[in-house]
Protein chains: 2
Amino acid sequence: YICISSTFIKCDMVTNSARLEYQFHVFLLNCSMLLRTFYFLLQSLNTETNGCDLLPALDGDAKTMNFLQEVVDIMLAYIVESFDRSTKVIDFHYPNELLQRNNWELSDEPETLDDILISCRATLKYAIKTAHPRYFNQLSTGLDMVGLAADWLTSTANTNMFTYEVAPVFVLLEYVTLKKMREIIGWQEGRGDGIFSPGGAISNMYAMLLARYKMFPEVKEKGMSSAPRLVAFTSEHSHFSIKKGAAALGIGTESVICIKADERGKMIPSDLERRIIEAKQKGYVPFFVSATAGTTVYGAFDPLMAIADICKKHDIWMHVDGAWGGSLLMSRKHRWKLNGVERANSMTWNPHKMMAVPLQCSALLVREEGLMQSCNQMQACYLFQQDKQYDLSYDTGDKALQCGRHVDIFKLWLMWRAKGTIGFEAQIDKCLELSEYLYNKIKDREGYEMVFDGKPQHTNVCFWYLPPGVRYLEDKVEKMKRLHKVAPVIKARMMEYGTTMVSYQPQGDKVNFFRMVISNPAATFEDIDFLIEEIERLGQDL
Amino acid sequence: YICISSTFIKCDMVTNSARLEYQFHVFLLNCSMLLRTFYFLLQSLNTETNGCDLLPALDGDAKTMNFLQEVVDIMLAYIVESFDRSTKVIDFHYPNELLQRNNWELSDEPETLDDILISCRATLKYAIKTAHPRYFNQLSTGLDMVGLAADWLTSTANTNMFTYEVAPVFVLLEYVTLKKMREIIGWQEGRGDGIFSPGGAISNMYAMLLARYKMFPEVKEKGMSSAPRLVAFTSEHSHFSIKKGAAALGIGTESVICIKADERGKMIPSDLERRIIEAKQKGYVPFFVSATAGTTVYGAFDPLMAIADICKKHDIWMHVDGAWGGSLLMSRKHRWKLNGVERANSMTWNPHKMMAVPLQCSALLVREEGLMQSCNQMQACYLFQQDKQYDLSYDTGDKALQCGRHVDIFKLWLMWRAKGTIGFEAQIDKCLELSEYLYNKIKDREGYEMVFDGKPQHTNVCFWYLPPGVRYLEDKVEKMKRLHKVAPVIKARMMEYGTTMVSYQPQGDKVNFFRMVISNPAATFEDIDFLIEEIERLGQDL
């Protein structure tokens, strides 16, 4: 509680007129917290309590409220700390070390609630602060306060998406939100279908499943042996989930034909058409093209309009994997990068990435109505009774691959209400501005080399940092060998110091390079400056 | 705040010795709440605030804490209310009506935080109280306070399960917990593999995918055309996800052979063997048997030992779908019902059902080590870099079908710590005791007829209620026709009154019957009595 109180005192004042009022606020809050501290102190003098004392235990109300409030206080302190640049992004320990730093074992006997609180603190102590303004490691970063509140509320409601009966509000909100997203894609009156799935990989798998069903519905009953050899197409820079999906669906990874990308990572339409024709000549049946809007590493947007033309000509399902780049549709400034998406048959769009909605929140949008239902339904009579009193079209569970389905909609919906579309737009535009700043800063800076030329289209900035010891090497082979080891070492040092985190990888014949991405609304120009300084500080001796 | 305060006053006293102390607690808490109320009142006199004022906004700390605390207060009030039998399980409205009762639309402009709080209240007002002691509608009911706290903390940590790098603690806890679960299954030293997946249907799909990969690994690359016709076997009472999985994986629903169940809903092993031999004679390849431990409707346990014998003899992957019944392994009294599970190759076990862990929490356990990895891996180099500083065996993401994966482990782990294995056992035993009580109460009661004879093996009690107007009908056809309509009408009335909720369905040639299940630790004998009285009250005029 001292830590929380100090936080309030820390944020010193704003305008003169508000100062007095603010001080009174702080006073009141501190009083309230002091009383609470006193109360909990008093409680701890009691005999030890455990989980059995909480609700639904008789007279468990007070104990429950106290326990939950203590957990909330732990979380509130963690949240404030997460946004504080002076704290570490990570308190890193190697797996074996971390295993020994705490007792993580499960046993027969219960622990006290005090022990449980200790576990909560330990868990957060060693967690990554994904909200930290200098955490750039993944496509999903940041922590939105309204989104978080919504996720807490979702947990409290603890229900399942399968029917209107058990999730009336959430089913309606899913309906409202999917329609809005389809309108933004550009489908007439927002018509179509969709679902929130447990992530982009599953959303892409849904799309592939639908494409197959659309062309060969008999596969549902008779399996792949009832269809000719199906082939799918995606760029060599696309996400691995396309192949993963093909492996699972019995199509096989070899039937996913990788189309060449240009030096910026965009699919080359002429190569797509060539490979489609080639496949047809072999007697294969092209059924699915997955274009990527925002590739994972380069952040490239495939030319959707040209791809749509080819799909139309050859009558192939066009899917757009916009898991990462789909959110740019919310920006009037950047949405042109997805021109042509309105011609797609389906689209993956993960609000948990560029819109910073808490994990997980991934949508699959489908242009054709009714297809998901007929593709996936099994009509389990214990769940989707046909003689209910309400409009059964709201029992959307049977169009899912899953049976139970987590409620992922509320956090997106509530954030949308809190920000408005323009709020998301501002947030996205700002991240893109930051990445442009980074690009401009390093493109001519000594010791840096860009992986591809030109201004990035998404927030991905891919670059090598060449430490002085590598920079002037003349033996090219030796230079590449040494450079390949630079990023992993710098990254490991970042984690050990806990100052920042950014991803790296090789790609094709290119040795390890940094892939900077910005999706955290907490990041600022100063954080970009810091990153560059930190890379140089940690890499100078290499 | 008034509502919360009154809750504290309500739970009147326990023992004389504690009374004074307790009253002092209440006094302190009320003081603290009064101050807080005053503080918020003062705040609301300020100009309107919106999401932009929260963290990471400069000086957003205090506003963030207040906002989150307000949401917490709304949730705490909801939680206390949920366990209160005098409140409704549901405040039911038809979809169109609910759409009009609130503004659920998404717009361009942001709303104020006050509006956001109103939306939170509205969402909970119309939500199902799944924690309510009289909510029996699904296999997942109840709300565990430690599990809830853990889920809040998970949202706050907001990370992803793919690598140790971004989820060090959660990856370790998954490791610890899966090992413990495998020990409980009876696999030597807890060896094997596993994953937490987004639900039982996906876990079952994983199992089918692994079984196929084990027998025909080339399907991963070459698709189903590289394998002979594969057939899977499961009982006619099994969960629909087996067929859903077969449809998705390109095996086809017709290749799922439904084995006869006895009158109690258990798979008949002799029929299984007969159908396996028959399939082989047709040149098909049996590759997968899914036995069910706890069927959805009857709660039946297939005879695992006999099925294991058959699978061994014919060299077929044995999967146990214990999504519902798997948790009985935690009970020394009931675990015999799963005898033979230790011989299975894989098992689905959903702690979010009978162990009342908040949704979602489903595990797939696999006996063979390494198989999941080789079956599913795609080795994306931007995520699973091979030159990291730590032990890469903790980067478990590549064995998943998904790429990003929600953290589902912490709530189970924390509950396990709080209860111990014996706590889960007690909770499960109590639910089974309640269902036996219900069975004993209605089996000879006038107006009731059991769907199957004998004491239920799980908490499923399946029965018809015959209202007086149906009970004495002599025309059998007419009687069945009328009886078929009874459960839907009673259920609709339950929802309109909001007093309780229980599921119903037809099965095979059996007309609509009630399927009572008990997984809510809050339920008591009185709630069972209430259910029976309520069915009779609502059905007496039918």
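Any read-out appearing in this document is the output of simple, stated calculations on the displayed coordinates, not a laboratory observation. As the structure is a computational prediction, the values presented were derived from the model and not from experiment. We place every Cβ from the backbone using ideal geometry, glycine too, and count neighbours over all the protein chains shown.
Spin-label model, A:Tyr497/A:Arg332: points 7 Å from Cα along the beta carbon direction are separated by 4.2 nm. Each of A:Pro488, A:Gln457, A:Pro467 was scored by the projection of its Cα onto the charge dipole of region A:446-541, and the greatest displacement toward the positive side belongs to A:Pro488; charges sit on the C-beta of Lys, Arg, Asp and Glu. Counting only Cβ charges, +1 for Lys and Arg and -1 for Asp and Glu, the dipole size of the protein assembly as shown around its Cα centre is about 2760 debye. Mean silhouette area of region A:417-539, derived from the convex hull of its C-alpha atoms and averaged over all directions, reads 8.5 nm². The aspartates and glutamates whose alpha-carbon is closer than 15 Å to the alpha-carbon of B:Lys441, local same-chain residues fewer than 8 away aside, are B:Glu433, B:Glu449, B:Asp453, B:Glu526, B:Asp527, B:Asp529, B:Glu533, B:Glu534, B:Glu536.
The distance from the alpha carbon centre of region B:441-464 to that of region B:333-406 is 37 Å, rounded to a whole number.
Looking down the axis that turns chain B into chain A, the chain B residue with its beta carbon nearest that axis, and the gap rounded to whole angstrom, comes out as B:Gly250, 1.
When A:Thr112 is represented by a point 7 angstrom out along its Cα-to-C-beta vector, the spacings to that point in the other copies are 4.6 nm, nearest first.
Label-to-label distances for B:Gly508 across copies, nearest first, come out at 6.2 nm, using points 7 Å from Cα in the beta-carbon direction.
Based on the reciprocal of the average 1/r between different C-alpha atoms, the Kirkwood radius for the protein assembly as shown equals 30.1 Å. Listed from fewest to most Cβ neighbours within 10 Å, the set A:Asp108, A:Asp59 follows the order A:Asp108, A:Asp59. Put a plus charge on the Cβ of each Lys and Arg, a minus charge on the Cβ of each Asp and Glu, and nothing anywhere else: the dipole of chain B about its Cα centre is then about 1960 debye. Within a straight-line Cα-Cα reach of under 22 Å, A:Lys481 can be paired with the following lysines, leaving aside sequence neighbours fewer than 8 residues apart in one chain: A:Lys491, A:Lys510, B:Lys388. In this structure, the pairs whose alpha-carbon distance is over 30 Å, taken from B:Lys214/B:Lys266; A:Lys125/A:Lys180; B:Lys88/B:Lys485; A:Lys443/B:Lys399, are A:Lys125/A:Lys180; A:Lys443/B:Lys399. When the protein assembly as shown is described by a simple charge dipole with +1 on each Lys and Arg Cβ and -1 on each Asp and Glu Cβ, the residue from B:Leu272, A:Leu117, A:Gly199 located farthest towards its positive end is B:Leu272. Reported value for region B:32-191: 213 Å³ per residue, from the convex hull of its C-alpha atoms.
Computed from the Cα positions only, the extents of chain A along the three principal axes stand at 81, 77, 55 Å, in decreasing order. Per residue, the convex hull spanned by the Cα atoms of region A:488-542 measures out at 85 cubic angstrom. Exposure proxy shown here: for B:Val289, A:Val486, the number of other Cβ atoms within 10 Å sets the order, fewest to most, as A:Val486, B:Val289.
Judged by the gyration tensor of its Cα atoms, with axes a ≥ b ≥ c, region A:139-188 is oblate; a/c meets the 1.5 cut and b/c is at least as large as a/b.
Charges at C-beta only: +1 for Lys and Arg, -1 for Asp and Glu. How large is the resulting dipole of region A:400-482 about its Cα centre, in Debye rounded to 20?
So the magnitude is around 320 debye.
With its label point defined 7 Å out from Cα along the Cα-to-Cβ axis, A:Gln389 lies at 6.2 nm from the matching points of the other copies, in increasing order. Once Lys and Arg get +1 and Asp and Glu get -1 on their Cβ, which of A:His334, B:Pro168, B:Gly539 lies farthest toward the positive end of the dipole of the protein assembly as shown? Value: A:His334.
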